[in-house]
Amino acid sequence: MPLTIRVNGVDRTVDVDSDTPLLWVLRDVLGMTGTKFGCGMALCGACTVHVDGAPTRSCVTPIDSISTSEITTIEAIGATAAGAEIQKAWLDREVVQCGYCQSGQIMSASALLASNPHPTDSDIDDAMSGNICRCGTYVRIREAIKHAAQSSGQGG
């Protein structure tokens, strides 16, 4: 059934079953492979995208639940103020090791900074819980989020 969804500011019409997970629409139908498949059960965070600014696990989000919501993926997060700060901090703090989980980590971190520009350690823990990094870069992730918060507070 044809559905129109708004992804990264562009309306896209897709012809998929209404219960198709958003992840597979993004990856297989639209060819946007930055969002990763991890567990398929919303436990690891690799598939995180923003739906109306909220971090959302796309592997368990049926496409028909999207309606008129704005979907933002890793491909466009750098166009947002918080996303740009997070991406720069990720590079400055050399967060990435294998990189597989990083799109989901960046999406969760940028949603945090967009809603809370000066997060505490507890805020960071809450926002990032459920984002699994098999390489264990959690210390660098926290440092990068703090760095991005400080940078955004100083105007970059």
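Structure above, values below:
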| read-out | value |
| --- | --- |
| Subset of the stretch 45-61 (residues that are among the hydrophobic types (A, V, I, L, M, F, W, C) and either farther than 21 Å from ASN116 by Cβ or in the same structural domain as GLN87 (by TED's automatic domain parsing) (or both)) | ALA46, CYS47, CYS59, VAL60 |
| Residue in the stretch 63-71 that is under 14 Å from the mean Cα position of the chain (by Cα), surrounded by 23 or more Cβ atoms within 10 Å (Cβ to Cβ) and within 25 Å of THR137 (Cα to Cα) present | no |
| Given (1) at pLDDT below 95; (2) under 22 Å from VAL10 (Cβ atoms), number of the condition LEU26 does not satisfy | (1) |
| Qualifying positions in the stretch 93-134 - free of Cβ contacts under 8 Å to residues at least 12 places away in the same chain and assigned to a loop (DSSP other than H, G, I, E, B) | GLY99, ASN116, THR120, SER129 |
| Yes/no for ASP64 being acidic (Asp, Glu) and in the same structural domain as ARG27 (by TED's automatic domain parsing) | yes |
| Failed item, numbered, when GLN150 is tested on (1) out of contact with any Lys or Arg (no Cβ under 8 Å at 6 or more places or on another chain); (2) at pLDDT below 95; (3) part of a loop (DSSP other than H, G, I, E, B) | (3) |
| Residue count for the stretch 29-79, restricted to those that are within 24 Å of ALA89 (Cα to Cα), assigned to a loop (DSSP other than H, G, I, E, B) and of a type in the set (S, T, N, Q) | 3 |
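The values are calculated or read from the model by the stated rules, or taken from the named source; none is laboratory data. Nothing here was measured: the structure is a model prediction, and the numbers come from that model. For neighbour counting, all protein chains shown are included, and Cβ atoms are generated from backbone atoms with ideal geometry for every residue, glycine included.
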